[in-house]
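Since every read-out is calculated from the coordinates, none of them should be taken as a lab result. Just so we're clear, the structure is a prediction, and the values are computed from it rather than from any experiment. With ideal geometry, Cβ positions are generated from the backbone for all residues, glycine too; neighbour counts draw on all protein chains shown.
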Amino acid sequence: AGILAVTGDAAPDAPEGTELTYLHGVALAPGEDLPDDLDVVLVPAGTWAVFHSSGPHPDALQRVWAATATDWFPSNPWRLRPGPSIVRYLELTEDVATCELWLPVEQA
């Protein structure tokens, strides 16, 4: 499933620089055991826009994230909805990453 980087508790229209919660984790199947010293963050079901990124890290991911705001959202009938933004790292070396950016969306 890969390592997950999760940002939460920021409103979809929060300005850049707004403080937010940033967590690292992994996805678990329902009922899967969790060590006592770790916490669970429940992510409700919903619609997600998923964007692929591969290249120098973090530059490639930052470009994809910026393109969602400048290109994808303005040309599609979707908007961000409340919920965490998730980066799923599929492959990661010292300076190159292949990942997916998952953004919670709803019809605009």
Test: residue 13 is among the acidic types (Asp, Glu) and under 19 Å from residue 102 (Cβ atoms) | yes
Selection within segment 40-84 - over 23 Å from residue 27 (Cα atoms), aromatic (Phe, Trp, Tyr) and touching a residue at least 24 places away in the same chain (Cβ under 8 Å) = 78
Applying the selection to segment 13-46, what residues are surrounded by 12 or more Cβ atoms within 10 Å (Cβ to Cβ) and under 20 Å from residue 78 (Cβ atoms)?
-> 14, 43
Consider residue 49 carefully, then state whether it is in contact with a helix residue (DSSP H, G or I) (Cβ under 9 Å, 6 or more places away or on another chain), of a type outside the set (Val, Ile, Thr) and under 24 Å from residue 98 (Cα atoms).
-> yes
Scanning segment 70-108 for residues that are out of contact with any Gly (no Cβ under 9 Å at 6 or more places or on another chain), buried (at least 19 other Cβ atoms within 10 Å of the Cβ) and of a type in the set (A, V, I, L, M), the one farthest from residue 50 (Cα to Cα) turns out to be 80
Are any residues in segment 1-49 closer than 19 Å to residue 69 by Cα and of a type in the set (Gly, Ala, Ser), and if so, which ones?
-> 8, 10, 11, 14, 17, 49
